[in-house]
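Right, one structure below, let's go through it.
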Amino acid sequence: MKQFLSYSWLGLVVLVVLALDVFSVLPPRFPRPMEKTYLEGIFHVHSTYSHDGGGSIEEIAQAANNADIDFVFVTDHNTNQGFLDGKEGVSGKTDIFIEDEVSIRLGHVVTVYTHTSDRKLDKKTIGGYAQEQVIGNKRFHPDTFQVIAHPTSLKHPWTQWDRITAGMEIINFDSLWRRQLHDAPLNFLTTLGLSFVNPFLSAIRFYDVSPKSLEMWDHANSVSSGHFGILGQDSHQRLALPPLGSIAWPSYERDFKIAANVIRPPEKVAADFPTRKQQIYKWIREGRFAVFFRLLHPYDGYNWNLHCGSDRYSSGDRIAFRDCRHVFSVPNSPYPHTVRVWKDGALHSEVPVHAVPPELPLEGPGTYRVEVWAKVSSRFGITVSRAVPIVLFNPIYVE
């Protein structure tokens, strides 16, 4: 009897410790900015126009409005029927753009073309042109561009690294959870279980970036500069569970709240939808944005620029080498932050934010990019103790 009671007490202590650990990591509370000085966008979402999509474009728009998202790219498989059906436009406070995730021999590419005369092409022609574009036979309108989807996916990886498009997904949510399920099933099941108990903690355990994706991105820019990295949610709101059917998990809104692509507009954002669409597409094509883990902190306060005398440069800019300084801005946070500077695919410097010098000299020509990582640990370090990439800035090219 005494032994039974001792085991009961031990079990109770374990449960209390686990509960304290799980609920020691809760979302920080920050005041909402009075007026956002940036745009937050979601790229790569599937609706019921795809065979594996779980929600309508109207549901996607509602989820984006609930998550305070400024624009969403709906990218259904090998079709832009949603565009032809007039589903593109403004919904509440969110712009809905409709493009096409095209399957080609080398993998999947999101082909961005509805802002050009290519929007008149049929889906068979788009598919053929996409393959030709990747292998170097340009067929599209000059303003049409492509993004490699989920390049390190287990299901549909990119198969030829010497064939590079305008951009690539450096983070893809669908690939993240499939990789975790494949490599560490118990870890995945724990993360899944926590999503119903503490979604914030679950997201921290889930959110990551594949070193291979970053390596591929840096390789692309070493071959020819100007290739942007983007976050692709690859949201379906549908998880197939054969032979049981499927469930609506994870929800669009959940995915949208975790992270986004953030643009600091270099000019005034247009009031009308067609002009605003052209602006956003141009800024993305030029790499004038960052990938941001928005669940951890509002974007206000994060920034990276090159200061060259009185001139200021940011992601996507191309400049001639001269006397310049890296200048970083990182807001106060309950989590320790580390700044990493990469040059030509090699780690140039890594400094805890409290030790970051006010200015860091620019050292020669090259492709420079910056990452900011946050270290998040639960009370006892049981359920989480890891660094997460809170900001991944697109490069500045110094020639």
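The values are calculated or read from the model by the stated rules, or taken from the named source; none is laboratory data. If you're wondering where the values come from, they're calculated on a predicted model, not measured in any experiment. Here the Cβ positions follow ideal geometry from the backbone for every residue, glycine too, while neighbour counts run over all protein chains shown. SASA here: full protein model, heavy atoms, side chains in, ligands and nucleic acids out. Shrake-Rupley method; radii C 1.70, N 1.55, O 1.52, S 1.80 Å.
Filter segment 298-331 down to the residues that are of a type in the set (A, V, I, L, M, F, W, C), under 18 Å from V351 (Cβ atoms), modelled with pLDDT of 95 or more and in contact with an Asp or Glu (Cβ under 8 Å, 6 or more places away or on another chain) and list them by number.
L306
If I filter segment 148-165 down to residues being of a type in the set (A, V, I, L, M) and modelled with pLDDT of 95 or more, which single residue comes out as nearest to the chain's Cα centre (by Cα)?
Checked segment 148-165; the qualifying residue nearest to the chain's Cα centre (by Cα) is A149.
If you go through segment 178-186 one residue at a time, do you hit one that is within 22 Å of S47 (Cα to Cα) and open to solvent by less than 20 Å² (accessible area, probe 1.4 Å)?
No, that holds for no residue.
Specify the residue that is most open to solvent (accessible area, probe 1.4 Å); the eligible residues are those in segment 189-217 that are of a type outside the set (G, A, S) and more than 25 Å from V372 (Cα to Cα).
That would be F196.
Restricting segment 1-43 to residues that are at pLDDT below 75 and closer than 30 Å to I69 by Cβ, which is least open to solvent (accessible area, probe 1.4 Å)?
Once the filter is applied, the top-ranked residue is P33.
Which condition does F321 not pass, out of (1) of a type in the set (A, V, I, L, M, F, W, C); (2) open to solvent by less than 50 Å² (accessible area, probe 1.4 Å); (3) assigned to a loop (DSSP other than H, G, I, E, B), if it passes all the others?
For F321, the exception is condition (2).
Please go through segment 363-387 and give me each residue that is under 27 Å from D317 (Cβ atoms) and either at pLDDT below 95 or open to solvent by less than 40 Å² (accessible area, probe 1.4 Å) (or both), ordered by number.
Result: E363, G364, G366, T367, Y368, R369, V370, E371, V372, W373, A374.
Considering each of Q233, Q237 in turn, give the residue that is at pLDDT 95 or above, buried (at least 19 other Cβ atoms within 10 Å of the Cβ) and under 25 Å from H77 (Cβ atoms).
Q233
Can you pull out every residue in segment 35-50 that is of a type in the set (S, T, Y) and touching a helix residue (DSSP H, G or I) at 6+ places or on another chain (Cβ under 9 Å)?
S47, T48, Y49
Of the conditions (1) without any contact (Cβ under 8 Å) to a residue 12 or more places away in the chain; (2) of a type outside the set (S, T, Y); (3) in contact with a strand residue (DSSP E or B) (Cβ under 9 Å, 6 or more places away or on another chain); (4) closer than 25 Å to I96 by Cβ, R312 satisfies every one except a single condition; which number is it?
The number of the failed condition is (4).
Filter segment 300-318 down to residues that are of a type outside the set (G, A, S) and surrounded by 16 or more Cβ atoms within 10 Å (Cβ to Cβ) and give me whichever is farthest from P199 (Cα to Cα).
C308
Taking the options H297, H354, name whichever one is outside any helix (DSSP H, G or I) and open to solvent by 10 Å² or more (accessible area, probe 1.4 Å). First the steps, then the outcome.
Values: H354 fails: outside any helix (DSSP H, G or I).
Result: H297 is the single residue among H297, H354 that is outside any helix (DSSP H, G or I) and open to solvent by 10 Å² or more (accessible area, probe 1.4 Å).
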